[in-house]
1. Just to make sure I understand: if all protein chains stay in place, what is the order of ARG143, ARG243 by accessible area at 1.4 Å, largest first?
2. Taking amide H positions as placed 1.01 Å from N in the peptide plane, with prolines and chain starts having none, which residues 5 or more places from VAL108, or on another chain, fall under 5 Å of its amide H?
3. Whenever you get a sec, compute what percent of the accessible area on the stretch 163-269 sits on carbon and sulfur atoms (1.4 Å probe).
4. When ligands, DNA and RNA are left out and all protein chains stay put, how many square angstrom of accessible area per residue does the stretch 163-269 have with a 1.4 Å probe?
5. Determine the alpha carbon to alpha carbon distance for each of LYS182/LYS225; LYS161/LYS225; LYS80/LYS222; LYS50/LYS224; LYS29/LYS50 and list only those over 29 Å.
6. Whose amide H sits under 5 Å from the amide H of THR205, counting only residues 5 or more places off or on another chain, with H placed in the peptide plane?
7. So how tilted is helix 117-130 from the main axis of the chain? Cα-based, degrees 0 to 90, rounded to 10.
8. Expressed as an acute angle from 0 to 90° and rounded to the nearest 10, what is the orientation of the C-alpha long axis of helix 50-62 relative to the principal long axis of the chain?
Amino acid sequence: MKRQWLMVLGLACLIVLTAVNGFAAHGEKRQEKKAILLAAFGTTVPEAQKAFDQVEARVKQAFPGIEVRWAYTSSIVRAKVAKQGKVLLSPESALAKLMEDGYTHVAVLSLHTIPGEEFHNLNQNARLFGQMLDGFEKILVARPLLSSREDMERVAKAMLKNIPAGRKPGDAVVLMGHGTEKHPSDAIYLALYHTLQEMDPNAYTATVEGYPTIKDILPKLKEKKVKKVYLMPFMAVAGDHARNDMAGDEPDSWKSILGKEGLTCEAVLKGTAEIPEVVDIWVDHLRLVLDHFQ
Ligand code: CO
(Lines give C-alpha, C1' and ligand atoms only; values in the text may rest on other atoms or scores of the structure.)
Protein backbone atom coordinates (compact mmCIF):
# COMPACT_ATOMS: atom_id res chain seq x y z
CA MET A 1 0.00 0.00 0.00
CA LYS A 2 2.77 2.39 1.05
CA ARG A 3 4.78 1.61 -2.08
CA GLN A 4 1.75 2.28 -4.27
CA TRP A 5 1.33 5.72 -2.71
CA LEU A 6 4.99 6.48 -3.29
CA MET A 7 4.56 5.58 -6.92
CA VAL A 8 1.53 7.83 -7.29
CA LEU A 9 3.40 10.66 -5.59
CA GLY A 10 6.40 10.12 -7.84
CA LEU A 11 4.22 10.18 -10.93
CA ALA A 12 2.47 13.35 -9.76
CA CYS A 13 5.85 15.04 -9.24
CA LEU A 14 6.90 14.02 -12.75
CA ILE A 15 3.75 15.50 -14.26
CA VAL A 16 4.19 18.76 -12.32
CA LEU A 17 7.82 19.00 -13.41
CA THR A 18 6.95 18.42 -17.06
CA ALA A 19 4.22 21.02 -16.86
CA VAL A 20 6.61 23.54 -15.30
CA ASN A 21 9.18 22.88 -17.98
CA GLY A 22 6.58 23.29 -20.68
CA PHE A 23 5.38 26.48 -19.09
CA ALA A 24 8.87 27.94 -18.90
CA ALA A 25 9.44 27.22 -22.58
CA HIS A 26 6.13 28.33 -24.06
CA GLY A 27 4.39 30.36 -21.37
CA GLU A 28 5.96 33.67 -22.22
CA LYS A 29 4.72 34.90 -25.54
CA ARG A 30 7.56 36.02 -27.76
CA GLN A 31 7.17 39.21 -29.69
CA GLU A 32 5.92 38.45 -33.17
CA LYS A 33 8.61 38.86 -35.82
CA LYS A 34 7.58 38.18 -39.41
CA ALA A 35 9.77 37.35 -42.37
CA ILE A 36 9.33 36.45 -46.03
CA LEU A 37 11.70 33.97 -47.62
CA LEU A 38 11.78 34.14 -51.41
CA ALA A 39 12.92 30.78 -52.76
CA ALA A 40 13.95 30.56 -56.40
CA PHE A 41 15.74 27.88 -58.39
CA GLY A 42 18.54 30.38 -59.01
CA THR A 43 20.67 31.23 -62.02
CA THR A 44 24.34 31.16 -62.91
CA VAL A 45 23.87 34.09 -65.32
CA PRO A 46 24.62 37.38 -63.52
CA GLU A 47 22.48 39.49 -65.93
CA ALA A 48 19.51 37.20 -65.27
CA GLN A 49 19.76 37.87 -61.53
CA LYS A 50 18.25 41.33 -62.05
CA ALA A 51 14.85 39.66 -62.53
CA PHE A 52 15.01 38.63 -58.87
CA ASP A 53 15.73 42.23 -57.81
CA GLN A 54 12.46 43.25 -59.48
CA VAL A 55 10.56 40.55 -57.56
CA GLU A 56 12.10 41.71 -54.29
CA ALA A 57 11.13 45.33 -54.96
CA ARG A 58 7.56 44.31 -55.76
CA VAL A 59 7.29 42.10 -52.64
CA LYS A 60 8.68 44.85 -50.38
CA GLN A 61 6.20 47.30 -51.85
CA ALA A 62 3.28 44.89 -51.29
CA PHE A 63 4.28 43.97 -47.72
CA PRO A 64 6.11 46.95 -46.22
CA GLY A 65 7.94 46.47 -42.94
CA ILE A 66 8.37 42.70 -43.29
CA GLU A 67 11.90 41.32 -43.52
CA VAL A 68 12.58 39.84 -46.99
CA ARG A 69 15.31 37.28 -47.56
CA TRP A 70 16.38 34.93 -50.37
CA ALA A 71 17.14 31.26 -50.77
CA TYR A 72 18.04 29.23 -53.85
CA THR A 73 16.89 25.64 -54.23
CA SER A 74 19.38 24.43 -56.86
CA SER A 75 22.55 23.04 -55.29
CA ILE A 76 24.24 23.11 -58.73
CA VAL A 77 23.49 26.83 -59.11
CA ARG A 78 24.72 27.53 -55.57
CA ALA A 79 27.98 25.67 -56.21
CA LYS A 80 28.62 27.42 -59.56
CA VAL A 81 27.83 30.86 -58.17
CA ALA A 82 30.12 30.17 -55.18
CA LYS A 83 32.97 29.80 -57.69
CA GLN A 84 32.10 33.31 -58.94
CA GLY A 85 32.65 34.41 -55.35
CA LYS A 86 29.02 34.88 -54.32
CA VAL A 87 27.35 32.98 -51.50
CA LEU A 88 23.75 31.91 -52.11
CA LEU A 89 21.91 30.23 -49.25
CA SER A 90 19.89 27.03 -49.50
CA PRO A 91 16.36 27.27 -48.05
CA GLU A 92 17.56 25.20 -45.08
CA SER A 93 20.47 27.56 -44.31
CA ALA A 94 18.25 30.61 -44.77
CA LEU A 95 15.58 29.14 -42.44
CA ALA A 96 18.17 28.24 -39.81
CA LYS A 97 19.42 31.84 -39.93
CA LEU A 98 15.88 33.22 -39.61
CA MET A 99 15.30 30.95 -36.62
CA GLU A 100 18.54 32.09 -35.03
CA ASP A 101 17.55 35.72 -35.62
CA GLY A 102 14.37 35.16 -33.63
CA TYR A 103 11.73 35.30 -36.38
CA THR A 104 8.46 33.76 -35.25
CA HIS A 105 6.37 33.74 -38.45
CA VAL A 106 7.86 32.88 -41.83
CA ALA A 107 6.14 32.94 -45.20
CA VAL A 108 8.16 31.08 -47.83
CA LEU A 109 7.33 31.86 -51.45
CA SER A 110 8.14 29.24 -54.06
CA LEU A 111 9.26 31.24 -57.09
CA HIS A 112 9.07 28.08 -59.16
CA THR A 113 6.75 27.58 -62.10
CA ILE A 114 5.04 24.29 -61.25
CA PRO A 115 4.60 22.39 -57.98
CA GLY A 116 7.30 19.92 -59.03
CA GLU A 117 10.33 18.47 -57.33
CA GLU A 118 11.85 21.80 -56.25
CA PHE A 119 8.60 22.90 -54.64
CA HIS A 120 7.98 19.59 -52.89
CA ASN A 121 11.44 19.47 -51.35
CA LEU A 122 11.07 23.07 -50.22
CA ASN A 123 7.63 22.43 -48.75
CA GLN A 124 8.72 19.26 -46.96
CA ASN A 125 11.77 20.84 -45.35
CA ALA A 126 9.87 24.00 -44.38
CA ARG A 127 7.32 21.81 -42.61
CA LEU A 128 10.10 20.06 -40.72
CA PHE A 129 11.44 23.46 -39.62
CA GLY A 130 7.96 24.17 -38.29
CA GLN A 131 8.21 21.16 -35.99
CA MET A 132 11.32 22.25 -34.12
CA LEU A 133 10.96 23.03 -30.45
CA ASP A 134 11.18 26.73 -29.61
CA GLY A 135 11.52 27.47 -33.30
CA PHE A 136 9.05 29.25 -35.55
CA GLU A 137 5.51 29.63 -34.28
CA LYS A 138 4.30 29.39 -37.84
CA ILE A 139 5.91 28.67 -41.17
CA LEU A 140 3.87 28.38 -44.35
CA VAL A 141 4.86 27.89 -47.96
CA ALA A 142 3.11 29.86 -50.69
CA ARG A 143 2.40 27.93 -53.87
CA PRO A 144 4.38 28.29 -57.10
CA LEU A 145 3.16 30.09 -60.21
CA LEU A 146 0.83 27.55 -61.82
CA SER A 147 -1.28 26.27 -58.95
CA SER A 148 -4.86 26.75 -60.12
CA ARG A 149 -7.02 27.15 -63.20
CA GLU A 150 -7.16 30.88 -62.49
CA ASP A 151 -3.34 31.10 -62.33
CA MET A 152 -3.15 29.29 -65.65
CA GLU A 153 -5.44 31.79 -67.38
CA ARG A 154 -3.75 34.82 -65.83
CA VAL A 155 -0.32 33.50 -66.83
CA ALA A 156 -1.38 32.70 -70.41
CA LYS A 157 -2.84 36.20 -70.82
CA ALA A 158 0.27 37.84 -69.34
CA MET A 159 2.59 35.90 -71.64
CA LEU A 160 0.56 36.75 -74.74
CA LYS A 161 0.49 40.40 -73.72
CA ASN A 162 4.27 40.44 -73.51
CA ILE A 163 5.04 39.19 -77.01
CA PRO A 164 6.91 41.94 -78.89
CA ALA A 165 4.54 44.36 -80.61
CA GLY A 166 6.16 43.61 -83.98
CA ARG A 167 4.43 40.22 -84.17
CA LYS A 168 2.39 39.89 -87.36
CA PRO A 169 -0.68 37.72 -87.87
CA GLY A 170 0.58 34.24 -88.71
CA ASP A 171 3.76 34.61 -86.63
CA ALA A 172 3.92 31.93 -83.97
CA VAL A 173 5.06 32.10 -80.36
CA VAL A 174 6.70 29.20 -78.55
CA LEU A 175 7.26 29.42 -74.81
CA MET A 176 10.14 27.44 -73.38
CA GLY A 177 9.16 25.78 -70.11
CA HIS A 178 11.63 23.74 -68.11
CA GLY A 179 9.63 20.54 -67.74
CA THR A 180 10.59 17.43 -65.84
CA GLU A 181 10.66 13.69 -66.39
CA LYS A 182 10.76 13.13 -62.65
CA HIS A 183 7.47 14.62 -61.44
CA PRO A 184 3.81 14.18 -62.44
CA SER A 185 3.33 17.97 -62.37
CA ASP A 186 5.00 18.02 -65.78
CA ALA A 187 1.45 17.58 -67.14
CA ILE A 188 0.79 21.22 -66.16
CA TYR A 189 2.78 22.30 -69.24
CA LEU A 190 0.32 20.44 -71.43
CA ALA A 191 -2.55 22.14 -69.63
CA LEU A 192 -0.89 25.49 -70.34
CA TYR A 193 -0.42 24.46 -73.96
CA HIS A 194 -4.16 23.88 -74.23
CA THR A 195 -5.00 27.16 -72.47
CA LEU A 196 -2.70 29.14 -74.79
CA GLN A 197 -4.10 27.43 -77.88
CA GLU A 198 -7.62 28.44 -76.90
CA MET A 199 -6.55 32.07 -76.55
CA ASP A 200 -4.23 32.18 -79.55
CA PRO A 201 -3.98 29.24 -82.01
CA ASN A 202 -0.44 30.32 -82.94
CA ALA A 203 0.88 30.23 -79.37
CA TYR A 204 2.54 27.06 -78.05
CA THR A 205 4.37 25.72 -75.03
CA ALA A 206 7.24 23.25 -75.23
CA THR A 207 9.72 22.12 -72.60
CA VAL A 208 13.42 21.33 -72.30
CA GLU A 209 13.11 18.25 -70.11
CA GLY A 210 9.41 17.33 -70.13
CA TYR A 211 6.53 17.01 -72.57
CA PRO A 212 5.86 18.40 -75.13
CA THR A 213 9.29 19.03 -76.66
CA ILE A 214 10.14 21.40 -79.49
CA LYS A 215 10.15 18.37 -81.82
CA ASP A 216 6.47 17.76 -80.97
CA ILE A 217 5.65 21.37 -81.88
CA LEU A 218 7.61 21.56 -85.13
CA PRO A 219 5.10 19.56 -87.27
CA LYS A 220 2.30 21.85 -86.05
CA LEU A 221 4.24 24.95 -87.10
CA LYS A 222 4.91 23.43 -90.53
CA GLU A 223 1.29 22.39 -90.96
CA LYS A 224 0.25 26.00 -90.39
CA LYS A 225 2.99 27.22 -92.76
CA VAL A 226 4.44 29.47 -90.07
CA LYS A 227 7.45 31.50 -91.25
CA LYS A 228 8.43 33.36 -88.12
CA VAL A 229 8.53 32.23 -84.50
CA TYR A 230 9.01 34.27 -81.34
CA LEU A 231 10.82 32.22 -78.71
CA MET A 232 10.23 33.21 -75.09
CA PRO A 233 11.48 31.58 -71.90
CA PHE A 234 8.76 30.38 -69.58
CA MET A 235 11.03 30.28 -66.56
CA ALA A 236 11.52 32.87 -63.82
CA VAL A 237 14.72 34.16 -65.41
CA ALA A 238 16.25 34.14 -68.88
CA GLY A 239 19.22 32.11 -67.70
CA ASP A 240 21.30 29.32 -69.15
CA HIS A 241 18.42 27.38 -70.77
CA ALA A 242 17.02 30.50 -72.45
CA ARG A 243 20.39 31.79 -73.65
CA ASN A 244 21.82 28.45 -74.82
CA ASP A 245 19.13 25.77 -75.30
CA MET A 246 16.61 28.24 -76.69
CA ALA A 247 18.46 31.09 -78.39
CA GLY A 248 22.03 29.72 -78.70
CA ASP A 249 23.88 28.93 -81.94
CA GLU A 250 24.60 25.27 -81.13
CA PRO A 251 22.97 22.83 -83.58
CA ASP A 252 20.57 21.46 -80.94
CA SER A 253 19.20 24.83 -79.78
CA TRP A 254 15.55 25.58 -80.55
CA LYS A 255 16.64 28.43 -82.78
CA SER A 256 18.82 26.04 -84.80
CA ILE A 257 16.24 23.22 -84.90
CA LEU A 258 13.55 25.58 -86.24
CA GLY A 259 16.06 27.46 -88.42
CA LYS A 260 17.03 24.23 -90.23
CA GLU A 261 13.35 23.88 -91.20
CA GLY A 262 13.37 27.35 -92.74
CA LEU A 263 11.72 29.17 -89.85
CA THR A 264 13.04 32.56 -88.75
CA CYS A 265 13.33 32.89 -84.97
CA GLU A 266 13.34 35.93 -82.73
CA ALA A 267 14.30 35.26 -79.13
CA VAL A 268 12.90 37.35 -76.32
CA LEU A 269 15.33 37.10 -73.42
CA LYS A 270 12.99 38.03 -70.62
CA GLY A 271 12.11 35.77 -67.70
CA THR A 272 8.62 35.52 -66.22
CA ALA A 273 9.91 37.25 -63.08
CA GLU A 274 10.38 40.34 -65.29
CA ILE A 275 6.73 40.39 -66.31
CA PRO A 276 4.76 42.42 -63.74
CA GLU A 277 1.44 40.61 -64.39
CA VAL A 278 3.16 37.29 -63.66
CA VAL A 279 4.88 38.57 -60.52
CA ASP A 280 1.44 39.74 -59.32
CA ILE A 281 0.31 36.09 -59.28
CA TRP A 282 3.25 35.06 -57.08
CA VAL A 283 2.56 38.05 -54.82
CA ASP A 284 -1.09 36.99 -54.53
CA HIS A 285 0.00 33.50 -53.46
CA LEU A 286 2.25 35.05 -50.83
CA ARG A 287 -0.58 37.27 -49.59
CA LEU A 288 -2.80 34.20 -49.05
CA VAL A 289 -0.17 32.76 -46.71
CA LEU A 290 0.54 36.04 -44.89
CA ASP A 291 -3.20 36.41 -44.23
CA HIS A 292 -2.95 33.28 -42.06
CA PHE A 293 -0.60 35.15 -39.74
CA GLN A 294 -3.24 37.73 -38.80
CO1 CO B 1 17.51 22.82 -66.07
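1. Working: ARG143 140, ARG243 65 Å².
Ranked list, largest accessible area first: ARG143, ARG243.
2. Answer set, sorted by chain and number: LEU37, LEU140, VAL141, ALA142.
3. On the way: 2680 of 5020 Å².
The C+S portion of the solvent-accessible surface of the stretch 163-269 is 53 percent.
4. Values: 5020 Å² over 107 residues.
That works out to 47 Å² per residue.
5. Numbers: LYS182/LYS225 34 Å; LYS161/LYS225 23 Å; LYS80/LYS222 39 Å; LYS50/LYS224 37 Å; LYS29/LYS50 39 Å.
Distance filter (> 29 Å) returns LYS182/LYS225; LYS80/LYS222; LYS50/LYS224; LYS29/LYS50.
6. Here the answer is LEU175, since their amide H atoms fall under 5 Å of that of THR205.
7. With both axes taken from Cα atoms, the answer is about 20 degrees.
8. Between helix and principal axis, roughly 50 degrees.
The values are calculated or read from the model by the stated rules, or taken from the named source; none is laboratory data. Remember, predicted model here, so these are calculated numbers, not experimental data. Each accessible area value is taken on the protein alone, full model and side chains, heavy atoms only, with ligands, DNA and RNA left out. Shrake-Rupley method; radii C 1.70, N 1.55, O 1.52, S 1.80 Å.
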